[in-house]
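Data first, discussion second: the structure below is written as structure tokens.
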Amino acid sequence: MEMASDDNLPLTADEGMEASFGERRGLDPKAAGDRNSVALTERMLLRVRRRGRRRDVTLASLLDIGLVEVRRTSRGVAPLGRVLLLLGGSGAALATIGYPPLEMGLAGALALAALYHLYRYVSVSEEGIILFHVGQEQMWMSYSGELAEQALAFVDRLFSLKQALLPAPYVEAEPELLPWPWDDPDEWESAWRW
């Protein structure tokens, strides 16, 4: 995959961009310009966070990355249950409290909380996170849930680049399975006869 280079990223002269993944654009050559993004070179992973004019770049060697988690949180029915409980509490406050200022205040607060949770349920899409374990440290990036397939493609690219960096003795070959002595039924049946 050929990537457009970003002059704002700290790359050495012999490095080029292999892939970039942003929270809004997903797997896109220009995703390194997103507010939160990760980028791959032949030897490094760059985590870029932009906050106004400030830009934080965290670098990690691909060889140091041991584990990558791709998580996705989908919307369940629990927030709707919370909305129903808050609305029930609001109705119970109106029905049981005899002091009007207190019952209106409590019922209004519970109804507003229910509306807030309903708004969050309807408006917020699924969320995801990519978590990179680098030695004892962790690097992470959140993304929109509909980009999960692209996040997995980015992680696949990361591990293919990492495998290309490993010296030949460290590349695992298919293990040769040796036959066990009890694979032949005649052998183990005769051993268990009295």
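The values are calculated or read from the model by the stated rules, or taken from the named source; none is laboratory data. Just so it is clear, the model here is predicted, and its values are computed rather than measured. Don't worry about glycine lacking a Cβ; one is built from the backbone with ideal geometry, like all the others, and counts go over all protein chains shown. Side chains included, ligands, DNA and RNA excluded: accessible areas come from the protein's heavy atoms. Shrake-Rupley method; radii C 1.70, N 1.55, O 1.52, S 1.80 Å.
Descriptive notes on the structure:
- Among all residues of region 11-23, there is none that is open to solvent by 10 Å² or more (accessible area, probe 1.4 Å), assigned to a strand (DSSP E or B), modelled with pLDDT of 75 or more and not hydroxyl-bearing (S, T, Y).
- Any hit, region 116-126, residues being surrounded by 12 or more Cβ atoms within 10 Å (Cβ to Cβ), within 29 Å of N36 (Cα to Cα) and touching a Ser or Thr at 6+ places or on another chain (Cβ under 6 Å): yes
- Of everything listed in (1) out of contact with any helix residue (DSSP H, G or I) (no Cβ under 8 Å at 6 or more places or on another chain); (2) at pLDDT 90 or above, the single unmet condition for P101 is (2).
- Subset of region 44-90 that is open to solvent by 50 Å² or more (accessible area, probe 1.4 Å) and of a type in the set (S, T, N, Q) - its residue that is modelled with the lowest pLDDT: S74
- Residue that is nearest to the chain's Cα centre (by Cα), among those in region 34-54 that are more than 30 Å from Y119 (Cβ to Cβ) and not in a strand (DSSP E or B): T41
- Residues in region 62-83 that are in contact (Cβ under 8 Å) with a residue 24 or more places away in the chain and either under 30 Å from A113 (Cβ atoms) or not aliphatic (A, V, I, L, M) (or both): D64, G66, E69, R71, R72, T73, S74, R75, P79, L80, R82, V83.
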